[in-house]
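Just below is one structure, and these are the notes that go with it.
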Amino acid sequence: MLLEQIHSPQDLKKLNIRQLRQLAGELREEIIKVVSDRGGHLSSNLGVVELTIAMHYVFDTPEDKLFFDVGHQSYAHKLLTGRYDEFSKLRSRGGPSGFPQIEESEYDSFTAGHASTAISAALGVARTRDIMRDDFNIVAVVGDGALTGGMCYEALNDVGLSQTRMIVVLNDNAMSIAPNVGALSQYLTRLRQSNGYRAFKRGVRNGLERIPRIGAPLFRFLERFRDWLRSLFVDGQFFEALGIRYLGPVDGHDLKRLIRVLKRSRNETEPVLIHIVTQKGKGYEPAEERPDVFHGVAPFLVESGESKQDSMTACGKIAADQLVGMAESDIRICVVTAAMAAGTGMDVFQDAHPDRFFDVGIAEEHAVTMAAGMAWQGMKPYVAIYSTFLQRAYDQIAMDVCRNALPVTFLIDRAGLVGADGATHQGVFDLSYLRSIPNMIIASPRDIRDLKKLVALSRDVNYPMAIRYPKDGEDLGPGIQSQRDFEIGEWELISSGADVMIFAVGRMVQLSMQATIELTGKHIAAGVVDARFIKPMDRKMLVEQARSAKLVVTIEENMISGGFGEGLLDILNEESIEVPVLTLGVPDRFVPHATVAQQLEACGLSAQQIARRIQKRYLELFRSGR
């Protein structure tokens, strides 16, 4: 097996084309095997196997720098850079991340996880190289819809203006997390499907190959002028108008051709963009047929492609189902998302109301401001975006939505700890950055029943509102459900406690209830309040419960800094209530990939740890005579 003999990219340079093609097959087999066991990003990684081999074959990494945009096309890169032995632990605690990480390997030039960053980071390194008079190559691999993000255009414009030496590889697989949208996607489609150019080139090749001895060399000579030939049939001026030399389209699965183009580009003194065309999911039929489904997957059966895990209740689909029903009688309701229709569950709404569903691509800033414009004209837009990606639109939320007090509702999926996707995808900052913005209402349901109620409530809210929830939710049953509709800012007393009162947010409510059972065994009477509204807070209930408690505890699946606990402390201070407060949440560090349960444990937020931390603090207070 060739893959077992590859300990660094230098080992690739000893192989011939036939062996490199064999290696590509082995890489795909290994990626499919591990992802089927661990879950992860499959389609995008299968599509760039030949490209990754060619880059490491041509360039001298880690001296030469490779930047992978988004990062979920880096599995082959990891396998070729000394991580084969540990690749079976992908995305699990102690194993390799699903994304490039600078602390993981010297071959990872930049930590990635969000789209449209590679060109900017690569240009920064290129400019530093030039200032320091160093001499190495820089390649930014951009794809999977990243060019629908405005940051890429900003970077490309700067690259062309500066004429800094670097290479941009545009991996065009006609597919991002969701189908690509917009004018650029259509432009790339025209480039890769230019029948005139392709037919002309095919005819020249066939004719020349019939000439003995000189035919093949002559064709290779002519191929050096392929950009000139291409310009007769393909309008490739989009990138060249920016000052970037355009090469392509190139078959992204033709190793020989990729190596030849990369070698030629390596010697250029100006910025070059190589447009390659790949097939997402290549080599695994289920992923080829359904690349969107196999973009990011849970463990699955290789033979059938079926998931190994029991299906859980996706909170996004619950929210979407609720919206579909509401939209039947309310033409104002519409949904905006940023290249994640299926991930947020909003493809359900898309099917039911396609004329009121808008996928703008990986362009969160645009999504938010467009929704603001729609709200200004009387629509009731719901913006469905993962928590980690909504961070990118902070300015638009503050200035375009909240400054104008517009009734845009943010459905914040993947809030809290997210598991295997790790540090770049944790949704643990939204309470902190949203709580600081005037006019914003923030709510977090404890289960899917509450989620339905909050979505229903939002229809009649004429202010900006954010509803945050995890990927999967539970139904905690009717026994503890509120028997009446919610009111903005109203909390719910789940149980009373003479000693300790816990104010919990979202799915931390359930863990808090479990912790109170353990505390009862320690002779500590603890109660729980579901603080479902983070802003505004239920000042009346807080004051009432805090005055009768010996210890107040806040628990949130968010950074402690700037979060719910700090907001509660502000109110207690304003009300001059002197009671000890223990704030529990995500500590001041980035949380690495692991299972959600392991991440909760790492943050001290399992039910058992919550109980122990409360008991410890309570006993300290008791011993001190409070």
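Structure summary
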quantity	calculated
Counted charge near Ser105, where neighbours are those whose Cβ lies closer than 10 Å (Asp, Glu -1; Lys, Arg +1)	-2
Acute angle (nearest 10 degrees) that the helix 255-266 long axis makes with the longest principal axis of the chain, alpha-carbon atoms	90
Segment Glu26-Glu306, length gained on full extension (0.36 nm per residue, minus Cα span)	98.6 nm
Most to least packed among 563-570, 581-588 [average Cβ atoms within 10 Å]	563-570, 581-588
Folded to 0 to 90 degrees: helix 364-376 orientation relative to the chain principal axis, Cα	60
Charge sum, other residues only, whose C-beta stays under 12 Å from Ala466's C-beta, Lys/Arg counted +1 and Asp/Glu -1	+1
Relative packing of peptides 14-22, 493-501 - highest average C-beta neighbours within 10 Å first	493-501, 14-22
Value of relative contact order over the stretch 473-626, rounded to a whole percent, pairs C-alpha under 8 Å and six or more apart	23
Cβ-based net charge around Ala531, under 11 Å, with every Lys or Arg adding one and every Asp or Glu removing one	-2
Burial order of peptide ranges 425-433, 321-329, 129-137, 66-74 (average beta-carbon count within 10 Å, highest first)	66-74, 425-433, 321-329, 129-137
Helix-derived mean residue ellipticity, 222 nm - over the chain, DSSP H n ≥ 4, -39500 (n - 2.57), to 500	-11500 deg cm²/dmol
Gap separating the Cα centres of the stretch 569-626 and the stretch 330-365, nearest whole Å	38
The chain: angle of helix 183-192 to the longest principal axis, Cα-based, in degrees nearest 10	30
Inter-label distance for Ile331 and Asp134, nm, one decimal - labels placed 7 Å from Cα along Cα-to-Cβ	6.0
FRET E, pair Tyr463, Ser495, Förster distance 30 Å, beta-carbon r, rounded to 0.05	0.45
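Values quoted throughout were computed directly from the atomic coordinates according to the rules given, and no laboratory measurement underlies them. Predicted, not measured: the structure shown is a model, and the values here were computed from it. Heads up, the Cβs are rebuilt from the backbone with ideal geometry, glycines too, and the neighbour counts pull from every protein chain shown.
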